[in-house]
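**Student:** Before I ask anything, let me first share the structure, which is written out below as structure tokens.
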Amino acid sequence: MSTATATPGDVKDRSLAEVGKKRIEWAFQWMPVLGSIRKEFQAARPLQGIRISACLHVTTETANLMITLRDGGADAVLCASNPLSTQDDVAASLVEDYGIPTYSIKGEDNDTYYAHIQAALDHKPHITMDDGADLVHQLHTERTELADGVLGGTEETTTGVIRLRAMANDGVLKFPIVAVNDAMTKHFFDNRYGTGQSTIDGILRATNVLLAGLNVVVAGYGWCGRGVASRARGLGASVIVTEVDPTRALEAVMDGFRVMPMSEAAAAGDIIVTVTGDKHVVGKHHFENMKDGAIVANSGHFNVELDLEGLASLAASRRTVREFVEEYTLHNGRKVFVLADGRLVNLSSAEGHPAAVMDMSFANQALAARYLAETHGHLAVGVHSVPEEIDKSVARRKLDSMNVRIDTLSDEQEQYLSSWQEGT
């Protein structure tokens, strides 16, 4: 029986809650680090009286984060950070089974998306949680009256951290933000192993193509790009990397990948994946020169990575040929297939990152929220790194859950590393 039928929210269908609850419970089995934090939070209630507004991908893993925050005493509300990333059964279960107000419908239009963000801001948060900085952006532009009540916020993505640092540099950011994305236990693992696997999963679910023997172009060789490139190669693809950073380009070459400008790669690619966080990485002139039948996908948060307006101007016709696959027939007769309207393919046509890797990311989120509550008034306005002790705590907990033991420095070793007198 539902325990939270009166909980407010805007979800597709509350009757989906039973299925969503089972999936949330399944994911929790693979999140032992967050589970250990939940037990601590239940006992200590470190977030008692704290209102949290979270704008995140509404997935089974996010559900377990929200439940952990609730069990820590927080009054939490959730909305979607992407119009296509919501799992509707999970959203229903959060409202019906866990009493967490959730505003999120998969496929919602732009107006609904921002209305849901406004609903989350109506909660008058003490702490914000973002996946791309849309919530914080709206708070700073449309709901400025709320800023004085905010203790701080957290940001989950590279894209969001870039936006927030730009806001800080322009002097408009009004409260401290903890860049969860920059924690070693987040971007080393979530971005590389999570994005690598889930992006390939999304492409395969949408298209059912065989990657072996195809040219797969990966735009961007940050941690996400490294992950996508390595997973594509593991499935037999010939991988091409495009970059603007010479050091990362050199690293890709040394890792055994071909590196070339997008103008050349677009003409060679069978599948093109963007993971940069920048705008028009694949532009109109690239679409013009693509192979007939090229597949284009994005896993870099916003669909602005693809110049979809430019592509539309080149098209004589367009139609949906499979779920999450749109066919553009160009005036030159070639066809280009765009996956998930250029939105995050790993969340739109698949289920996002595996729970085992999100375990660490959301452990950082939960502990960062506690850190913000504990350090209220002591953090300067700006973007801050996750404290090293939190990052290492997450790593230790993960190792413990895997029954992996490591060495400890002896007193002699500690002294040697902290001194300069002893040499060769």
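The values are calculated or read from the model by the stated rules, or taken from the named source; none is laboratory data. On a predicted model such as this, the values are computed, not experimentally measured, just so you know. Neighbour counts run over all protein chains shown; Cβ positions are idealised from the backbone, glycine included. All accessible areas refer to the heavy atoms of the entire protein, side chains included, with ligands and DNA or RNA removed. Shrake-Rupley method; radii C 1.70, N 1.55, O 1.52, S 1.80 Å.
**Student:** With r as the distance between the Cβ atoms of Thr247 and Ala147 and R0 = 51 Å, compute the FRET efficiency 1/(1 + (r/R0)^6) and round to 0.05.
**Tutor:** Working: r = 37 Å, r/R0 = 0.73.
Computed FRET efficiency for Ala147 and Thr247 comes out at 0.85.
**Student:** Here's another thing I want to ask about it. How far, in nm, would the chain grow between Lys124 and His280 when pulled straight, counting 0.36 nm per residue and subtracting the alpha carbon separation? Don't skip to the end; give the middle numbers.
**Tutor:** Details: separation 156, 0.36 × 156 = 56.16 nm, distance 3.50 nm.
Contour length minus Cα-Cα distance gives 52.7 nm.
**Student:** Would you compute, from DSSP H runs of 4+ residues alone, the mean residue ellipticity of the chain at 222 nm, taking -39500 (n - 2.57) per run and dividing by the full residue count, rounded to the nearest 500? Intermediate values should be presented prior to the final figure.
**Tutor:** Numbers: 17 runs with 176 residues, N = 424.
For the chain, the value works out to -12500 deg cm²/dmol.
**Student:** Could you pull out every residue, at least 5 positions away or on a different chain, whose amide H is within less than 5 Å of the one on Val259? Hs are placed 1.01 Å off N in the peptide plane, and Pro or chain starts have none.
**Tutor:** Amide H to amide H, under 5 Å and 5 or more residues apart or across chains, Val259 pairs with Val241.
**Student:** Using alpha-carbon positions, what is the distance between the centroids of segment 49-86 and segment 222-301, in Å?
**Tutor:** Computed from Cα coordinates, the inter-centre distance equals 32 Å.
**Student:** Here's a follow-up. Name the residue from Ala366, Phe337, Gly227 whose Cα lies farthest towards the positive end of the charge dipole of the chain, charges +1 on Cβ of Lys and Arg and -1 on Cβ of Asp and Glu.
**Tutor:** Of Ala366, Phe337, Gly227, it is Phe337.
**Student:** Follow-up question, since we're still on this one. Of all the stretches in the chain, which is the longest one without any exposed loop site, taking GluC sites (Glu not before Pro) in a DSSP loop (any state but H, G, I, E, B) with at most 14 other Cβ atoms within 10 Å?
**Tutor:** Working: sites that count: Glu142, Glu323, Glu422.
That would be 143-322.
**Student:** What dipole magnitude, in Debye to the nearest 20, does segment 68-127 give about its Cα centre under +1 on Lys/Arg Cβ and -1 on Asp/Glu Cβ?
**Tutor:** On the way: 3 positive and 10 negative charges, 45 e Å.
Roughly 220 debye, rounded to the nearest 20.
**Student:** Quick one: how many lysine pairs does the chain have with C-alpha atoms less than 20 Å apart and a gap of 8 or more or different chains? Give me the count, please.
**Tutor:** 13
**Student:** Match the structure shown to one of the listed values [x] 1.01; [y] 1.40; [z] 1.26 of Cα Rg over 2.2 N^0.38 Å, computed from it, and give that label.
**Tutor:** [x]
**Student:** Another question about this same structure. Rank Gln87, Leu210, Ala312 by how far each Cα sits towards the positive end of the charge dipole of the chain (+1 on Lys, Arg Cβ; -1 on Asp, Glu Cβ) and give me just the farthest.
**Tutor:** Leu210
**Student:** Give me the dipole magnitude in Debye, nearest 20, for segment 280-365 about the Cα centre, with unit charges on the beta carbon: positive for Lys and Arg, negative for Asp and Glu. List each step's numbers first, then the result.
**Tutor:** Values: 8 positive and 11 negative charges, 61 e Å.
In total the dipole reaches around 300 debye.
**Student:** Quick one: pull the percent of accessible area on the chain belonging to carbon and sulfur, 1.4 Å probe, ligands and nucleic acids left out.
**Tutor:** Values: 9320 of 18640 Å².
Result for the chain: 50 percent of the exposed heavy-atom area is carbon or sulfur.
**Student:** Sorted from largest down, what three extents in whole angstroms do the Cα atoms of segment 163-266 have along their principal axes?
**Tutor:** For segment 163-266, the Cα extents along the three principal axes come out at 50, 29, 22 Å.
**Student:** Need the full-extension length gain, His378 to Asp255, defined as separation in residues times 0.36 nm minus the C-alpha distance. One decimal, nm.
**Tutor:** On the way: separation 123, 0.36 × 123 = 44.28 nm, distance 4.32 nm.
Gain in length upon complete extension: 40.0 nm.
**Student:** Specify whether the C-alpha gyration tensor of segment 97-182 places it in the rounded, prolate or oblate class, a ≥ b ≥ c being the square roots of the eigenvalues: rounded for a/c under 1.5, otherwise prolate if a/b is larger than b/c and oblate if not. Let's see the in-between values first.
**Tutor:** Values: a/c = 1.58, a/b = 1.43, b/c = 1.10.
Prolate shape, in that a/c is at least 1.5 and a/b is the bigger ratio.
**Student:** Note down the magnitude of the dipole of the chain about its Cα centre, charges +1 on Lys and Arg C-beta and -1 on Asp and Glu C-beta and zero elsewhere, to the nearest 20 debye. Walk me through the numbers before you get to the answer.
**Tutor:** Working: 39 positive and 56 negative charges, 145 e Å.
Magnitude of the dipole: close to 700 debye.
**Student:** Run through all the Cα pairs of segment 307-365 and give the fraction in each 5 Å bin from 0, expressed as whole percent.
**Tutor:** Binned Cα distances yield the sequence 4, 17, 20, 16, 12, 9, 8, 8, 5, 2, 0.
**Student:** Note down the relative contact order for segment 19-159 as a percent, whole number, built from C-alpha pairs under 8 angstrom at least six residues apart. List each step's numbers first, then the result.
**Tutor:** Values: 278 pairs, mean separation 34.4, N = 141.
Relative contact order of segment 19-159: 24 percent.
**Student:** Using the Cα gyration tensor of segment 322-424, with a ≥ b ≥ c the square roots of its eigenvalues, what is the shape: rounded (a/c below 1.5), prolate (a/b larger than b/c) or oblate (neither)?
**Tutor:** Details: a/c = 2.62, a/b = 2.20, b/c = 1.19.
Prolate, because a/c is 1.5 or more and a/b exceeds b/c.
**Student:** Further question: Just the projected area, averaged over all directions, of the convex hull on the alpha carbon atoms of segment 11-153: how many nm²? Please list the in-between numbers first.
**Tutor:** On the way: hull surface 31.6 nm².
Dividing the Cα hull surface by four gives the mean projection, 7.9 nm².
**Student:** Here is a further query. Evaluate the distance, in nm, between pseudo-label points positioned 7 Å from the Cα of Asp170 and of Gln48 along their respective Cα→Cβ axes.
**Tutor:** 4.1
**Student:** In square angstrom, what is the accessible area per residue of segment 42-111 with a 1.4 angstrom probe? Write out the running numbers ahead of the final one.
**Tutor:** Numbers: 1730 Å² over 70 residues.
Here the residues of segment 42-111 average 25 Å² of exposed surface.
**Student:** Would you check the accessible area of Asp97, probe 1.4 Å, heavy atoms only, in square angstrom rounded to 10?
**Tutor:** 40
**Student:** Say a paramagnetic label sat at a point 7 Å from the Cα of Ile162, along Cα to Cβ; which residues of segment 215-242 have their backbone N under 16 Å from it?
**Tutor:** 218-226, 242
**Student:** Using the heavy atoms of the protein chains alone and a 1.4 angstrom probe, what is the accessible area of segment 159-310 per residue in square angstrom?
**Tutor:** 40
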